[in-house]
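The block underneath contains the structure these notes are about, expressed in structure tokens.
The values are calculated or read from the model by the stated rules, or taken from the named source; none is laboratory data. Being a predicted model, the structure only gives us computed values, none of them experimental. Please note: Cβ atoms are built from the backbone with ideal geometry, for glycine as well, and neighbour counts cover all protein chains shown. The area values use the complete protein model at the heavy-atom level, side chains included, leaving out ligands, DNA and RNA. Shrake-Rupley method; radii C 1.70, N 1.55, O 1.52, S 1.80 Å.
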Number of protein chains: 2
Amino acid sequence: MRKQPDKVDIVYVARLAGVSPATVSRAINHPDLVSPATRKRIDTAIRKSGYIRNRAAQAMHGKRSGTIGLIVPTMNYAIFAEVVQAFNDEISNHGFTVLLATHGYDLGSEYLVIRKLLEHRVDGVALVGLNHSQDSIGILGKQRVPSLTIWNYSADSPISCIGADNFEAGQLAAQHIVVLGHRRVGLVFPPTEGNDRARDRLNAARQTLFEAGVTIRDEWCGETPYSVSQSKKICTEILSLPRSERPTALLCGNDIIAQGAVYAALRLGVSVPQELSVVGIGDFAGSADMEPALTTVRIPARRIGTAAGRRLVKAITDADPDFILRERLDVELMMRATTAQPRQD
Amino acid sequence: MRKQPDKVDIVYVARLAGVSPATVSRAINHPDLVSPATRKRIDTAIRKSGYIRNRAAQAMHGKRSGTIGLIVPTMNYAIFAEVVQAFNDEISNHGFTVLLATHGYDLGSEYLVIRKLLEHRVDGVALVGLNHSQDSIGILGKQRVPSLTIWNYSADSPISCIGADNFEAGQLAAQHIVVLGHRRVGLVFPPTEGNDRARDRLNAARQTLFEAGVTIRDEWCGETPYSVSQSKKICTEILSLPRSERPTALLCGNDIIAQGAVYAALRLGVSVPQELSVVGIGDFAGSADMEPALTTVRIPARRIGTAAGRRLVKAITDADPDFILRERLDVELMMRATTAQPRQD
DNA sequence: AATAGTATTGCAAACGTTTTCATAAATGGT
DNA sequence: ACCATTTATGAAAACGTTTGCAATACTATT
């Protein structure tokens, strides 16, 4: 075994190859600028020494850090796992790495994690939703780092966004219920505080149902976090009303909640969809496969993640921090087995 | 509005506060070394200028980068979402940030992402499973970065590990089936190539069942990736056998597969657990809440993620790259509603 | 009031790379 | 064989921090 150098940096490699550090740097970053012969010597020197270039040092030169910050509310419940995966896949293909952070639906700590990512000199930032503190938006603008909100689309967003129109999603779900002929509908949603996705969906649902003259009684509605078990609990209460007092359909804020609703019904022996229709929003992995398969409005998570990654990479490589774009991806009603016309009696 | 400086770095802040850059640095990193008066001046200068310190520059000084690499096979299917979340929470509390990477169950690309993380000079690395290429282990050792494998425990692992004993998990699941009195058992597992978790579970199950004299017919067994729909498909085939030719129990490689099995049975009108028992491994979010609730072996994902984060941070702050520890977290059988004694006929 | 010690600050080198500029060598056209 | 390009390389400055060392200004002790 040759003696191990205590540190193997670019000058060590250079000495090994009998060239200057500058040439090594060029051989790595602009191979066409160095002669084939030396390039080869350098390559073997790199391999022999086990050299790994130091991106921190690169980044100091105003070169890119090669990282992109991704901030999601939470990784629990798998809601955002799919979009994270797609985003990661896309930017990895372009040589970037994800710097991940979560804030637990707290706008204040979102600001803090943004700062943390900026300390690492991320080349770009993606956030979830359109609801952010003034400080957060401000600091991103001031640092001039390309940023993008995902998941939600809004025509008048002050910052670039790629996502679905959650209002439309709520509308679609509600219309489906209305068209089927339901007149007694319950709404089960998460808290809308700091969650614009949920708020838009809920507003849309209320409005659509109201315009159709559909009854919404308070005792048919519930609020629950994104959790199958919590949703199951609250829906069990709703469905425990005597048959004639029950809603014939439950419109849920997302698929997790809808799954809880279906399980609650199954548990109580309320047949789905004969006695109760359930519709979700999201179309998470698993919703199509459950039994009965969940009717829901598809939010194209993968496509959102991929598109967001692509646009952010483009903004970075074009060196255009002021880019602004708003891309709206279509939502789609997935009619499956948990909805039907209300029983006539 | 005051004129915006084109770049606000530590020397800009220093000038603003009327001190030297060195003092600013100290005010940030060793506040006790600078007098209260100047500290205050510097603080306001920092706030006024909107200074954000550059960790890339810090990292160049041999200081830590403040990032920890986390490499998971995939973020799909939410399998690893929980452990990622717990890990992230833990290290965030200590000022570190997660640098995330995935390799899609491919050992070769795992090596590549390890290299990529090392270029970013991560202060530590966590990987999933014990199955890694020689190159991967080698480069981590050579770079002397604290590393840790999670999810899997093995007494003779060459590298530190924190996790559950997957062999034990398989045993527990199989024993449960045996004790209930099943004699006709099918196994539905993912491909074991490059997935030591699955391999250990499968080996344990086979061995335990064999020792109990339980029949395993090839036509009762299936291989499927981690996907509810794929699992549902293959289980539908198995369960379509005439009643007398069917297994009375299905032991599944993880909860995703088990969910598919349950849905397949529901679909075909095979009642669970009366006609068919199903047991999973993992206890993912949702398994407890589905209807019927899934009997499974709990792998404590949250605790694994938290423990891994804690130990890695400790190894980093103690500057002990050669630390080696093996921590085994207990698995536990969660008896719920998908298993019962086989029907006597 | 002189001394020793301590608290506070600044200077300058160092970290590992990239890039500009300059130089030297090679090439090509006459 | 000479000059004008072009190609290949190196020297050195720069990036934004941290830190060892030295210098200065205090404080307490005699």
_Label point 7 Å beyond Cα along the C-beta direction, distances from B:Gly18 to other copies (nm, shortest first)_ = 6.0
*With every protein chain in place, what's the accessible area of B:Glu291 (1.4 Å probe, Å², nearest 10)?*
30
*asked:* In region B:287-327, what residues drop by 40 Å² or more of accessible area when the other protein chains are put back, versus the chain on its own? Use 1.4 Å, and skip ligands and nucleic acids.
replied: B:Asp289, B:Glu291
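Based on the Cβ-Cβ distance of B:Lys63 and B:Lys233, what FRET efficiency does E = 1/(1 + (r/R0)^6) give at R0 = 51 Å, to the nearest 0.05? Each step should come with its number before you reach the end.
On the way: r = 53 Å, r/R0 = 1.04.
Computed FRET efficiency for B:Lys63 and B:Lys233 comes out at 0.45.
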*Mind giving me the nanometre distance, one decimal, between the label points for B:Arg302 and A:Gln341, set 7 Å out from Cα along Cα→Cβ?*
4.6
*With a 1.4 Å probe on protein heavy atoms only, tell me which residues of region B:113-144 lose at least 20 Å² of accessible surface in the complex relative to the chain by itself.*
B:Arg115, B:Lys116, B:Glu119, B:His120, B:Arg121, B:Lys142, B:Gln143
*With the solvent-accessible surface defined on protein heavy atoms using a 1.4 Å probe, which residues belonging to region B:232-281 display a reduction of at least 10 Å² in accessible area in the multichain context relative to the isolated chain?*
B:Lys232, B:Tyr263, B:Leu266, B:Arg267
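About the Cα centre of chain A, what is the dipole size in debye to 20, counting +1 per Lys and Arg Cβ and -1 per Asp and Glu Cβ, all else neutral? It would help to have the intermediate numbers written out before the result.
Numbers: 41 positive and 36 negative charges, 400 e Å.
My answer is approximately 1920 debye.
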*If one takes the longest principal axis of the Cα atoms in chain A, at what angle in degrees, from 0 to 90 and to the nearest 10, does the Cα axis of helix A:196-211 lie?*
30
*Take the alpha-carbon centre of region B:224-299, take the same for region A:220-267, and report the distance between them in whole Å.*
24
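Counting protein heavy atoms only and a 1.4 angstrom probe, how many square angstrom of accessible surface do chains A and B bury in total, to the nearest 100?
4600
Counting only protein heavy atoms and a 1.4 Å probe, tell me what percentage of the protein assembly as shown's accessible area is made up of carbon and sulfur. Could the numbers behind the result be given before it?
Details: 14340 of 29320 Å².
Whole-percent figure for carbon plus sulfur exposure: 49.
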*Taking each label point as 7 Å beyond Cα in the direction of the beta carbon, state the distances from B:Leu112 to the same residue in the other copies, shortest first, in nm.*
3.7
*Any chance you could give the angle, 0 to 90 degrees and rounded to 10, that helix B:36-49 forms with the longest Cα principal axis of chain B?*
70
*Amide H partners (placed H, <5 Å) of A:Ser154, local residues excluded*: none
_Based on Cα coordinates alone, diagonalise the gyration tensor for the protein assembly as shown, multiply each eigenvalue by 5, take square roots, and list the semi-axes in whole Å, largest first._
47, 35, 21
*For the residue pair B:Gln207 and B:Asn93, what label-to-label distance in nm results when each label sits 7 Å from Cα along the Cα-to-beta-carbon direction?*
3.6
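Report, for chain A, the % of DSSP beta bridges that are antiparallel, rounded to 5. Write out the running numbers ahead of the final one.
On the way: 3 of 39 bridges.
Within chain A, antiparallel bridges account for around 10 percent of the total.
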*Just how much of A:Thr248 is accessible, in Å², when a 1.4 Å probe is used and the result is rounded to the nearest 10?*
30
_Qualifying aspartates and glutamates (Cα of each under 14 Å from Cα of B:Lys314; at least 8 residues distant if same chain)_ = B:Glu90, B:Asp123, B:Asp322
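Do the sum for chain A: with -39,500 (n - 2.57) for every DSSP H run of n ≥ 4, divided by all residues, what is the mean residue ellipticity at 222 nm, to the nearest 500 deg cm²/dmol?
Values: 12 runs with 145 residues, N = 345.
About -13000 deg cm²/dmol.
Would you mind telling me the antiparallel percentage of the DSSP bridges in the protein assembly as shown, rounded to 5?
Percentage antiparallel, nearest 5: 10.
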*Could you work out, for region B:166-299, what percent of all Cα-Cα pairs fall into each 5 Å distance bin, beginning at 0 Å and stopping at the bin that holds the largest distance?*
2, 12, 24, 27, 22, 11, 2, 0
*Point me to the residue of chain B whose C-beta lies closest to the B-onto-A rotation axis, rounding the distance to whole angstrom.*
B:Ala78, 1
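With +1 on the Cβ of every Lys and Arg and -1 on the Cβ of every Asp and Glu, and nothing else charged, how large is the dipole of region B:166-299 about its Cα centre, in debye rounded to the nearest 20?
240
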*Looking only at other chains, what is the average number of their beta-carbon atoms within 10 angstrom of each beta-carbon in A:98-104?*
5
*Given the peptides B:196-208, B:129-141, arrange them by the average over their residues of other C-beta atoms within 10 Å, most packed first.*
B:196-208, B:129-141
*Could you state the angle between the C-alpha long axis of helix B:228-239 and the longest principal axis of the C-alpha atoms of chain B, as a value from 0 to 90 degrees rounded to the nearest 10?*
10
*Given the Cα atoms of region A:10-53, and with Rh set as the inverse mean 1/r over their pairs in the Kirkwood sense, what is Rg to Rh to two decimals?*
0.90
*Using Cα positions and a limit of under 27 Å, work out the lysines in reach of A:Lys40, with same-chain residues fewer than 8 apart set aside.*
A:Lys3, A:Lys7, A:Lys48, A:Lys63, B:Lys116, B:Lys142
